[in-house]
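*Asks:* Sending over a structure as structure tokens; questions will come in a sec.
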Protein chains: 2
Amino acid sequence: MIAKINLKEQGLTETTPRLAVLKAMEANTAQHMSADDVYRYLLERDRPLPMSTVYRVLAQFEQAGIVERHSFDAERTKQVYELKDPEHHDHMICIKCRSVHEFLDPQIESRQIEIAENLGFSLTDHSLNLYGICAGCVQKDAQSEKTIKQ
Amino acid sequence: MIAKINLKEQGLTETTPRLAVLKAMEANTAQHMSADDVYRYLLERDRPLPMSTVYRVLAQFEQAGIVERHSFDAERTKQVYELKDPEHHDHMICIKCRSVHEFLDPQIESRQIEIAENLGFSLTDHSLNLYGICAGCVQKDAQSEKTIKQ
DNA sequence: ATGGTATTGCGACTCATTCTCATTCGTATT
DNA sequence: AATACGAATGAGAATGAGTCGCAATACCAT
């Protein structure tokens, strides 16, 4: 659960575009939103914002620590955003259906810190993405294979 | 140490452009090479190859398992390639000097497999990038801070 | 040498993202 | 409430990595 975000508290003045983008993000916490997703959401449900503003506002949000930016796709390098969860998590991406599961593993987290320390690195950030085929798609695959063999 | 690569063994005919790109990669195992790095290397040391061919050949190499593609940069999403190491490794990137350290941690590796299993995922791949400031840059930072304070 | 397939060179193209700059908005101050 | 000044926005052009289409060329088996 993500706490209600107040722009002023994050050092951002409350403008109409910023509130709109924030609304779009809050309405879609279940997904990771690309700039285009935000753009289309606002076009349909709210009022249109130019893409340049969507990008700008998302960048401002990222700087203010309101959202996090990721790029999951190994091929197409499209960026997506999500409201920042106070507790960090990693991602597991289904390469078939593009669904994203979030997970947190304290063991890996602490191991990363150890590794960084050993190498004399001052760790500021990290990203761990697991790619694979989700339970649902594994099943679908198995079924379609059966169908073909018949 | 990476074994000498034979294109034919990888199912690729030995053409001049492919050999040139391979040579460029083998001559620069210390760095991760962008398509542009390869392009410039060949322009200077060998014979020019059009960018489209560089990209194409690198893509063929990736498919054949000769190189691996990564995108380290959190901001600019530029892709880089490296000759594929038979044993997988992860990356630690210095956000100051852009240097990349490679590391391998069996504990994290096996934990990833466990996590995937628990979530019903069939794991095909993963990427773990640690971002931070390397030992060298930490020192430089400390020094320049001292200078400023004087 | 010949023919057919695979590969290349070239430029045009796509698409996400960033930039520019004139206009408008937000807000602190009269 | 008017003013003023910096911050934010809108619109569209620009950028830059990467891809595509297709004619020309290279590779290889016969």
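The values are calculated or read from the model by the stated rules, or taken from the named source; none is laboratory data. Worth saying up front: this structure is predicted, and the values here are computed from it rather than measured. A quick note on method: Cβ atoms are made from the backbone with ideal geometry, for glycine too, and the neighbour counts reach across all protein chains shown. Please note that ligands, DNA and RNA were not included when accessible areas were found on the heavy atoms of the full protein model with its side chains. Shrake-Rupley method; radii C 1.70, N 1.55, O 1.52, S 1.80 Å.
*Asks:* Can B:Ile93 be described as at pLDDT below 95, in the same structural domain as B:Gln139 (by TED's automatic domain parsing) and in contact with a strand residue (DSSP E or B) (Cβ under 7 Å, 6 or more places away or on another chain)?
*Replies:* In short, yes.
*Asks:* Another question about this same structure. Name the single residue that is nearest to DNA strand C (Cβ to nearest atom) among those in segment A:61-90 being part of a strand (DSSP E or B) and facing chain B (nearest Cβ under 10 Å).
*Replies:* Selected residue: A:Arg69.
Condition check ((1) open to solvent by 70 Å² or more (accessible area, probe 1.4 Å); (2) within 16 Å of DNA strand D (Cβ to nearest atom); (3) touching a Lys or Arg at 6+ places or on another chain (Cβ under 7 Å); (4) small (Gly, Ala, Ser)) across all residues:
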{"position": "A:Val54", "(1), (2), (3), (4)": "no, yes, no, no"}
{"position": "A:Leu58", "(1), (2), (3), (4)": "no, yes, no, no"}
{"position": "A:Ala64", "(1), (2), (3), (4)": "no, yes, no, yes"}
{"position": "A:His70", "(1), (2), (3), (4)": "no, no, no, no"}
{"position": "A:Lys96", "(1), (2), (3), (4)": "yes, no, no, no"}
{"position": "A:Ala116", "(1), (2), (3), (4)": "no, no, no, yes"}
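*Asks:* With the requirement that a residue be away from DNA strand D (no atom under 13 Å from the Cβ) and within 14 Å of chain B (Cβ to nearest Cβ), what does segment A:6-52 give you?
*Replies:* Within segment A:6-52, A:Ser34 is the sole residue that qualifies.
*Asks:* Touching a residue at least 24 places away in the same chain (Cβ under 8 Å) and open to solvent by 20 Å² or more (accessible area, probe 1.4 Å), is that true of A:Lys78?
*Replies:* Here the answer is yes, as A:Lys78 does meet what is asked.
*Asks:* Filter segment A:8-30 for residues that are free of Cβ contacts under 8 Å to residues at least 24 places away in the same chain and assigned to a loop (DSSP other than H, G, I, E, B) and give the result.
*Replies:* Result: A:Thr13, A:Glu14, A:Thr15, A:Ala27, A:Asn28, A:Ala30.
*Asks:* Separate question: Of all residues in segment B:98-108, count the ones that are at the interface with another protein chain (Cβ under 10 Å from one of its Cβ atoms) and either surrounded by 15 or more Cβ atoms within 10 Å (Cβ to Cβ) or assigned to a strand (DSSP E or B) (or both).
*Replies:* Adding up the residues that qualify gives 4.
*Asks:* Right, another one. Which numbered condition trips up A:Gly120, out of (1) without any contact (Cβ under 8 Å) to a residue 12 or more places away in the chain; (2) open to solvent by less than 30 Å² (accessible area, probe 1.4 Å); (3) in a loop (DSSP other than H, G, I, E, B)?
*Replies:* Among (1) without any contact (Cβ under 8 Å) to a residue 12 or more places away in the chain; (2) open to solvent by less than 30 Å² (accessible area, probe 1.4 Å); (3) in a loop (DSSP other than H, G, I, E, B), A:Gly120 violates only (2).
*Asks:* Go through segment B:123-143 and count every residue that is of a type in the set (S, T, N, Q) and open to solvent by 60 Å² or more (accessible area, probe 1.4 Å).
*Replies:* Selection size over segment B:123-143: 3.
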